[in-house]
Amino acid sequence: MQKHDQDMGGPTRDETPDSVLITPVAPIANHTHGGRAKCLQRLVRLDLPVPRTVALSFQAVHGIAQGEMPDMAAIVEAFPADALLCVRPSSQDPDWGGPGAILNIGMNDARYVDLCDSLGRDGAAALYLRFVQSYAVHVARLDPDVFDDVEDGGPDALSEVLHAYEAETDEPFPQDPAEQLAAVLRSMARAWEGTSARLLRQAKGAPADAGLGLVVQEMVPGFGQGECGSGVLQLVNTKTGQPQITGRYLSQSQGRDALGAGAEALYLERDPRGPSLEESAPEAFADLKSHARLMRQRLREEMQVEFVIESGAVHLLDGVRVTRSAQAAVRIAVALAEDGIIACQEAVMRVDARILTELLHRQVAPGATRDVIGSGIAASPGAATGRLVFTAAEAQASAARGEPCILVRRETSPEDVRGMHAAAAVLTERGGITSHAAVIGRGLGLPCIVGASNLKFHTRRKQLVAGDGRLFTRGDILTIDGSSGQVLAGEPDMMEAAEDGAFQTLLTWADAVRDIDIRANADTPEDAMTARKFNAQGIGLCRTEHMFFDPGRLTVMREMIFAETSDGRAAVLARLLPIQREDFQALFRIMEGLPVCIRLFDPPLHEFLPTSTTGQRELSEALGIPVSDVTRRVEEMEEYNPMLGLRGVRLGVTVPEIYDMQARAIFEATLDASKEGAPVVPEIMIPLVSAAREVELVKARIDAVALAVKAERGEDFTYRLGVMVETPRAALRAGEISPHTSFLSFGTNDLTQMTYGLSRDDAGRFMSAYVNQGVFPEDPFHVLDTDGVGELLKLGVQRGRAENPDITLSICGEHGGNPESIAFCREAGFDYVSCSPFRVPVARLAAAQLAISSQTGDSPHQSVKP
Ligand code: PEP
Ligand code: MG
């Protein structure tokens, strides 16, 4: 639409007249007169029956707010002498809102008497009453309570209202139509410039100086003889986006009265639930339908039509974009393209990428009542209801009984993963957007709230206390809304996930224009299947440590940690080898030749050791060693700053047997999987590198394992070795590191943590205070800090590429699924981004929109605002 204006050469602000009659050729544009005025001009150009309308420019309205009235006589003269008028707001983007419309301007005692003849006393009283009331409240700024005691409708009500007006203002109700109009324009202009209206629209993305236009339109009253009334119509269902004529019509009514009228209002199309306009006024209905279809075709959008019928003839007062759910937004855009009304690329641009998340998960229904008892960081979207449980074991028991449960923990650890699998949702007191619970939750598509510090967690007593003092104990029912971060008591109405054919079609169109690859972070076969389902182009990060959380494996892992010697460790690891080989083979099989990037073991080993006395006793029994030995070893391995301690490549250098085993498992799985299907070229990634020498050491051992496997099997394979850049030093020294590697993948979770010196697991406790006070514009673990962390990324890219021009560059931190961060990565020349499987659709659409924007200069969903 915007583009069309530019093609037509829209007027500039300076050459815009203050007011202009809307004709097919009048100089009217979105950026000078607002969306409503422009839309009305389009309807006029389509020769649709639109009442006479004058548009006031942003400049004129701004002047009115400052007390400079435009040429009022010119406005008034544009209409017949006895016309009633209405004024509606016309902001540049209809979503920015504006003051409410005021109808029936021009009503006064004399017009009332005249109209009693033509419309009847009730009709005339209804018009006057509506005007006096809205004038009193919006223009004279009287309290609406003044009219509390007024009887409903009719001439008696009218005289009561007029008396009440006079009593409150000490003045009779103004009778001069021009004076009434001027006062209405002034009050609407000032309302727009008020602080609360400005804050409200800024929250919706409007610039501080966004302008307001106004349209002054001749009223078609909706009262009178023959079939008269008003209503709204649209051609699609707001919730589903499926074709369906919806709306209501009410005889002898105005504005949007039909929508609130209940049983008295007619259906539009013939309907078994009650009488319809189609039956009572078939010709008007047929006209209306054909007007709406023409609008869809020519305005290239699903529009809701506001109409009036006057003695059987249809008038169109206004057209607004149909409000729509996420599902409907996708369906509507795809249907418009399939009907040849818009291009596929435009359909791609019309859907806000973020709303796709809503289609992938069950959600709290939009109108549902929410009993909010607390909130935290919305760490994994979707909503689920269940009974409270406070341990992983309880979660598993609950799942075994078939009872959905909410797992509540202070924070989660590897020991909780099976409980998380069993739970319907997870709630933690601590943590941020990249903490353990958040990462696992997103991987599983499990609603999750972390850092809910405004609830009191008594996990031992198995109790939660809400901010208002309400107590919730084990077995109580709560709902976790991981999309909003709200914890709700009980079970609100829910809305099911809704990815359908239109969703798939839109993403296929997106893929056709995308110029950056999208992979998924996937650790398990289930994750990999989700990644395939969402058409990820490979796995960008397989966190192998997640494979050791299974209780059977955990014990072997612990045994390895307790082994005193290298040989002892190697012997225990040999038992893990076949298990890991099967893990990798399963991933390769599912990914069918698409790249799979496996990250070698990363966390500190002590994360795998039990912390509780019971756990340590059980481990001593399992390993057949004294409890005191277990306790001693656990204490020995404790670190002051585990995230900055013995983890990642530092383990690879000092305890190399683990990486040897993993490399062997990867290579053997590569050979086995390649026999079954497409040849596999595994990617092996070394975490937490900070020096080139670390890479040299690990690479030498992995190369040796590769040679050994090739020799043993008598078969050949290739593989790619890469480095995860997640320490600031690795980014700065990327020039030294890159000659040793095929790829660099930026782990922006740790890189953000280390750049800010801000713990990713603790930041949630004060992040909202920081964001609210403007210290950080956003949580940097959520939206990439393009200034600081971004500078390191750019340096890493530039230095890495300078020394190894063929190097593949990517990002695999949680930022990979965020549209703003994808924009940065695309600009920086990354080959792919990798994100949680459930974020892949959002990333695909966002990446396509960026590619289109870079060609056309349009920003996403710009073209959907007629
Ligand atoms: C990272 O640090 O960005 C990353 C992807 O690794 P992890 O979240 O497992 O530390
Ligand atoms: Mg990391």
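The values are calculated or read from the model by the stated rules, or taken from the named source; none is laboratory data. As the structure is a prediction and not an experimental result, all values here were calculated from the model. All Cβ positions, even for glycine, are placed from backbone atoms using ideal geometry, and neighbour counts span all protein chains on display.
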Residues in the range 734-753: is at least one over 28 Å from the mean Cα position of the chain (by Cα) and within 15 Å of ligand 1 (Cβ to nearest atom)? yes
List the residue pairs whose Cβ atoms are under 9 Å apart, where the first residue sits in the range 162-173 and is of a type in the set (D, E, K, R), the second is outside any helix (DSSP H, G or I), and the two are 6 or more positions apart or on different chains. E166/P172; E166/F173; E168/A140; E168/L142; E168/D143; E171/A140
Report the residue count in the range 195-253 for those that are farther than 22 Å from G35 by Cα, charged (D, E, K, R) and without any contact (Cβ under 8 Å) to a residue 40 or more places away in the chain. 1
With the requirement that a residue be assigned by TED's automatic domain parsing to the domain that holds P94 and either more than 41 Å from the chain's Cα centre (by Cα) or of a type in the set (V, I, T) (or both), what does the range 178-203 give you? T195
Would it be correct to say that V698 is part of a helix (DSSP H, G or I), away from ligand 1 (no atom under 16 Å from the Cβ) and at pLDDT below 95? no
Could you tell me which numbered condition A497 fails, if it satisfies all but one of (1) within 25 Å of G813 (Cα to Cα); (2) of a type outside the set (D, E); (3) touching a helix residue (DSSP H, G or I) at 6+ places or on another chain (Cβ under 8 Å); (4) touching a residue at least 60 places away in the same chain (Cβ under 8 Å)? (1)
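If we scan the range 180-194, do we find a residue that is of a type in the set (F, W, Y) and assigned to a strand (DSSP E or B)?
no
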In the range 769-797, the residues that are more than 12 Å from ligand 1 (Cβ to nearest atom), over 13 Å from E814 (Cβ atoms) and in contact (Cβ under 8 Å) with a residue 40 or more places away in the chain: L792, L795, G796, V797
I need a count of the residues in the range 290-344 that are farther than 25 Å from P89 by Cβ, of a type in the set (K, R) and surrounded by 19 or more Cβ atoms within 10 Å (Cβ to Cβ). 1
Mind checking which helices (runs of 4 or more DSSP H) fall wholly inside the range 709-783 and carry at least 2 residues that are within 16 Å of ligand 2 (Cβ to nearest atom) and surrounded by 18 or more Cβ atoms within 10 Å (Cβ to Cβ)? 728-732, 748-756
Could you list, in sequence order, the residues of the range 798-816 that are buried (at least 16 other Cβ atoms within 10 Å of the Cβ) and either within 12 Å of ligand 1 (Cβ to nearest atom) or of a type in the set (A, V, I, L, M, F, W, C) (or both)? I807, L809, S810, I811, C812, G813, E814, H815, G816
Residues in the range 835-850: is at least one assigned by TED's automatic domain parsing to the domain that holds K533 and not in a helix (DSSP H, G or I)? yes
Which numbered condition in (1) buried (at least 21 other Cβ atoms within 10 Å of the Cβ); (2) away from ligand 1 (no atom under 16 Å from the Cβ); (3) assigned to a loop (DSSP other than H, G, I, E, B) is the only one that G829 fails? (1)
Looking only at helices (runs of 4 or more DSSP H) that fall completely inside the range 574-660, which ones have 2 or more residues that are within 16 Å of ligand 1 (Cβ to nearest atom) and modelled with pLDDT of 95 or more? 649-654
Restricting attention to the range 256-263, does a residue exist that is buried (at least 23 other Cβ atoms within 10 Å of the Cβ) and either within 20 Å of R42 (Cβ to Cβ) or aliphatic (A, V, I, L, M) (or both)? yes
Residue check: is V137 assigned to a helix (DSSP H, G or I), surrounded by 15 or more Cβ atoms within 10 Å (Cβ to Cβ) and under 39 Å from the mean Cα position of the chain (by Cα)? yes
State which residue pairs qualify: first residue among the basic types (K, R) and inside the range 305-321, second residue at pLDDT 95 or above in any location, beta carbons under 7 Å apart, and separation of 6 or more residues or different chains. R321/E301; R321/M303
Are there any strands (runs of 3 or more DSSP E) wholly within the range 215-326 with 2 or more residues that are within 30 Å of V364 (Cα to Cα) and among the polar types (S, T, N, Q), and if so which? 243-251
Quick check, is A395 of a type in the set (G, A, S) and not in a loop (DSSP other than H, G, I, E, B)? yes
